[in-house]
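Quick notes on the structure that follows.
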Amino acid sequence: MTWPPGQGDAPAPPAPGGTGRRHLVTAGLYVGLLATALVGGAIYAAFEGTPPQRLGPRRLLPPPLRTSLGGQDTLFLLTRRSEQDATDAPGQPAPRERVELHALALPELVTRFVAHLVTMESRRIDSRGSHDMRDGLIGEQGATIWLWLDGLGAVSAVDGQVLADQAGIAGRNAAVPGLASPVRGQVRLADALVFDPRGGPAWRIDPRDFVASPTTAPAPRPLPALSAAAAFGPGGPTAFRVLEARLGEAWFGLPPRDARLDPPVAARGPGTRFLSPTAPGAGTTQQLWRGAVRMGSAAPPGWPANFPDRFGQAERLVDVARLAGVAGLTLAGFLTAGGEAPILLADPPGVLVLEGMPGQGLTLLRVDAAGAVAWRAALPIARVTSVMPGARHLALAGLAPPPQETETLVVVALADGAVTLSGVAA
């Protein structure tokens with residue numbers, strides 16, 4: 001199955017200076033959508049007389065996407081929920097799943113809209129909520145959201161209306177072979193959505209008119225800012241955290257409590273890590289250390305001072321000290337957005353430390369450049385599955401502590417650690 005159903009040529013972009021609402025879906029698009037959404041023997045139609053439906057709880061179809069629309073910080077989610085006729089026997093497996101796009105205003109997590117995108121055959125989903133990782137949001141650019149649901153699609157970030165499917169996009173780009181039936185691995189983000197077929201040239205797709213241009217040349221016109229979907233993971237006990245962070249010359253580390261750091265400390269292998277990247281286990285407590293990274297002799301430790309030093313200069317960790325006010329942490333690390341680099345805060349400078357025992361609510365700490373704790377926030381989640389940083393608020397997706405393990409959205413104010421939360425199923 002491809003999603004959405006093929007509509008032929010993609011609709012025309014909105015006229016400049018319009019109201020901002022994206023009404024790109026032509027009558028043919030609606031006709032095609034209604035006529036071809038026969039899934040699992042059930043007709044998805046928007047007319048009076050549709051049989052009453054019984055819908056299951058919403059589940060996140062990751063990853064989430066955070067972006068700004070007209071100055072409004074917005075969080076987008078795809079959710080899936082089982083769908084069956086109200087007349088079906090109780091306990092009967094649902095033959096269909098409804099996929100919806102949710103837009104929530106940040107930081108309050110107030111719903112802006114919920115748009116029903118498509119209904120498709122039910123897919124087997126295990127108790128941990130695993131799904132086909134090829135499906136989900138890709139990114140937002142020019143108020144267009146790119147997503148993949150058994151195929152490439154584009155919907156409006158303003159109201160969730162379907163703008164184009166992959167057949168319509170291909171119809172706009174007859175010179176791009178294979179675009180009518182791409183596979184997920186051929187689609188990526190650069191300065192725009194890029195279709196990168198094997199053995200052929202790569203093409204960027206302008207989200208405003210769906211016209212492709214070769215990536216080997218500059219874009220024909222300036223492209224809007226692009227926001228990629230957040231990194232997503234199952235949320236292990238040390239997910240989205242690393243053991244070291246640097247704020248300029250200042251260094252912070254979270255080794256085990258009984259660790260020794262005898263300066264000058266040389267980096268471990270390539271790069272500038274001074275600690276082992278292996279996280280201490282749940283039975284090991286950690287303590288925050290602070291130091292400074294400066295250039296020094298790259299000679300081996302203990303090299304006699306009266307011997308010639310031909311080793312050059314390298315970064316060395318000096319002036320290290322334990323910070324007694326940040327001790328007794330478990331499975332702690334500096335918060336990341338899914339990469340190797342920790343999130344660095346500004347105004348004032350600082351870092352975020354995430355810690356907590358498995359199966360219990362996590363704790364988030366803001367640490368300033370001097371190593372003092374500005375605030376501690378108790379989070380209503382035991383596992384973090386996505387992290388979306390912002391200038392004033394941090395957004396997280398995660399799972400509540402057992403036994404519920406409900407999917408939860410959390411927003412933390414960076415100024416004071418105030419927490420706002422909402423359930424995905426709400």
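Structure above, values below:
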| item | result |
| --- | --- |
| The lone exception for MET295 - which of (1) closer than 24 Å to ARG257 by Cα; (2) in a strand (DSSP E or B); (3) of a type outside the set (Ser, Thr, Tyr) it fails | (1) |
| Residue identified as out of contact with any helix residue (DSSP H, G or I) (no Cβ under 6 Å at 6 or more places or on another chain), in a loop (DSSP other than H, G, I, E, B), surrounded by 20 or more Cβ atoms within 10 Å (Cβ to Cβ) and not small (Gly, Ala, Ser) among PRO300, PRO280 | PRO280 |
| Residues satisfying the stated conditions in segment 335-367, i.e. among the charged types (D, E, K, R) and over 20 Å from VAL419 (Cα atoms) | GLU340 |
| Residue in segment 158-168 that is touching a residue at least 12 places away in the same chain (Cβ under 8 Å), more than 17 Å from LEU117 (Cα to Cα) and in a strand (DSSP E or B) present | no |
| Breaking point among (1) in contact with an Asp or Glu (Cβ under 7 Å, 6 or more places away or on another chain); (2) at pLDDT 90 or above, for PHE232 | (1) |
| Given (1) among the hydrophobic types (A, V, I, L, M, F, W, C); (2) at pLDDT 95 or above; (3) surrounded by fewer than 16 Cβ atoms within 10 Å (Cβ to Cβ), number of the condition ALA397 does not satisfy | (3) |
| Among residues of segment 76-100, those that are acidic (Asp, Glu) and either closer than 17 Å to ALA397 by Cβ or not in a strand (DSSP E or B) (or both), counted | 2 |
| Selected residue (criterion: surrounded by the most Cβ atoms within 10 Å (Cβ to Cβ)) from residues of segment 171-222 that are in a loop (DSSP other than H, G, I, E, B) and β-branched (Val, Ile, Thr) | VAL176 |
| All strands (runs of 3 or more DSSP E) inside segment 310-426 with 3 or more residues being among the hydrophobic types (A, V, I, L, M, F, W, C) and touching a residue at least 60 places away in the same chain (Cβ under 8 Å) | 313-330, 350-355, 383-388, 393-399, 407-413 |
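The values are calculated or read from the model by the stated rules, or taken from the named source; none is laboratory data. Keep in mind that this is a model prediction, so the values were computed, not measured. Note: ideal-geometry Cβ built from the backbone for every residue, glycine included; neighbour counts use all protein chains shown.
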